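Here's the structure, in structure tokens; my notes come after.
Each reported figure results from applying straightforward, stated rules to the coordinates on display, with no laboratory input. None of the values given here were measured: they were computed from a predicted structure. Cβ: placed from backbone, ideal geometry, glycine included. Neighbour counts: every protein chain shown.
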Amino acid sequence: MLTVDLGLGVRHLPYEPTWALQRAVHADVVDGSRPDTVLLLEHESVYTAGKRTASWDRPVDGTPVVDVDRGGKITWHGPGQLVAYPLVRLRQPVDVVAYVRALEAAVMAVCARLGVTAGRVEGRSGVWVAADDPQDVADGMVPRRDRKVCAIGVRVAKGVTMHGLALNCDPDLGAFGRIVPCGIDDADVTSLSAELGRDVTVLEVLPLLREELAAALRPLRAVTDAAAPSAAV
């Protein structure tokens with residue numbers, strides 16, 4: 001599986017040209033002219049809205065939103081967030097739920113390697129840090145709610161995946177304050193830096209995510225690396 005670093009740590013990419021690149025790579029994977037590919041990048045600050053986004057999920061201050069063809073609701077992308085777009089041909093019959101669970105497993109493994117305990121929340125996609133147990137919270141402190149460290153929204157077309165995951169490393173979490181992130185108003189958003197109390201950069205997380213994604217997706221891929229054509233973005 002080919003992984004392509006699109007200027008991480010150096011460039012913050014605008015969303016719409018990158019979405020166009022995704023579609024072009026997807027078409028190449030579909031027709032067999034390119035191997036399974038994962039695009040790794042940071043975006044410029046942008047809000048994107050999936051198919052289930054409601055009007056009340058959107059910013060109320062006129063902030064622009066890009067409507068996209070993935071599942072899920074609205075989220076933010078921007079500097080300090082490691083985004084991975086896997087363009088991968090899945091085994092038949094396609095199991096989208098198993099694919100989402102594989103992405104979650106990869107991110108949970110990354111979190112564990114960094115010292116953050118993260119998991120799933122019933123009925124919600126993404127990777128979460130569990131709410132504080134009130135008995136473990138010091139007097140005068142407010143227990144923290146469940147908080148999402150990684151958003152996931154995917155699409156599968158012609159057997160090949162699109163969109164993917166956004167792992168909060170050291171972003172400005174204030175950007176989520178203008179929206180109802182992923183349409184969930186009874187939980188919060190966090191980052192690896194916020195959980196660990198130190199700056200966890202995208203470049204620190206990059207090799208871990210690359211490794212864990214390769215391992216998690218291997219059983220679901222239709223084409224082995226040995227059989228795949230070579231290609232470059």
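Quick check on the range 163-217: take the gyration tensor over C-alpha atoms, sort the square-rooted eigenvalues as a ≥ b ≥ c, and tell me if it's rounded (a/c under 1.5), prolate or oblate.
Numbers: a/c = 2.55, a/b = 1.44, b/c = 1.77.
It is oblate, given that a/c is not under 1.5 and a/b is not larger than b/c.
For the range 94-99, putting each phi into the Karplus relation 6.51 cos²θ - 1.76 cosθ + 1.60 with θ = phi - 60° gives couplings of 5, 10, 5, 4, 4, 5 Hz, in residue order, rounded to whole numbers and with x for Gly and Pro. With a simple spin-label model that places each label point 7 Å from the Cα along the Cα-to-Cβ direction, the separation between Asp133 and Glu211 comes to 3.1 nm.
Within the shell of other residues whose beta carbon sits under 9 angstrom from the beta carbon of Met108, the net charge comes to -1, with Lys and Arg scored +1 and Asp and Glu -1. Computed from label points 7 Å out along Cα-Cβ, the spacing between Lys158 and Val10 is 3.1 nm.
What is the packing order of peptides 45-51, 198-204, taking the mean over residues of other C-beta atoms within 10 Å and listing the highest first? Provide the component values of the computation, followed by the final result.
Values: 45-51: 20.0, 198-204: 16.0.
Ranking, from highest mean packing down: 45-51, 198-204.
Cβ crowding within 10 Å, taken as a proxy for footprinting-reagent exposure, orders Glu44, Glu122 from fewest neighbours to most as Glu122, Glu44.
The local environment of Ala54, defined by Cβ-Cβ distances under 12 Å, has a net charge of +2 under the rule Lys, Arg +1 and Asp, Glu -1.
Kindly work out what percent of the DSSP beta bridges joining two residues of the range 1-140 are antiparallel, to the nearest 5. Present the calculation step by step, with values, prior to reporting the outcome.
On the way: 11 of 19 bridges.
Antiparallel bridges make up about 60 percent of those DSSP assigns within the range 1-140.
Let a ≥ b ≥ c be the square roots of the eigenvalues of the Cα gyration tensor of the range 1-132; is it rounded (a/c under 1.5), or, if not, prolate (a/b larger than b/c) or oblate? Walk me through the numbers before you get to the answer.
On the way: a/c = 1.33, a/b = 1.07, b/c = 1.24.
Rounded is the answer for the range 1-132, as its axis ratio a/c remains below 1.5.
Label separation (Arg113 vs Ala231): 2.7 nm, computed from points 7 Å beyond Cα along the C-beta direction.
For the chain, modelled as a GNM whose springs connect Cα atoms under 10 angstrom apart, the maximal fluctuation among Val88, Val66, Val110 occurs at Val66. The residues neighbouring Leu41, those whose beta-carbon lies less than 14 Å from its own, together hold a net charge of -2 under the Lys/Arg +1, Asp/Glu -1 convention. Based on the alpha-carbon gyration tensor of the range 49-113 and its eigenvalue square roots a ≥ b ≥ c, which shape applies: rounded if a/c is under 1.5, prolate if not and a/b is larger than b/c, or oblate? It comes out oblate by the Cα gyration axes.
Can you sort Val4, Val129, Val97, Val116 so the residue with the fewest Cβ neighbours within 10 Å comes first?
Details: Val4 16, Val129 24, Val97 8, Val116 19.
Ordered by Cβ neighbours within 10 Å, fewest first: Val97, Val4, Val116, Val129.
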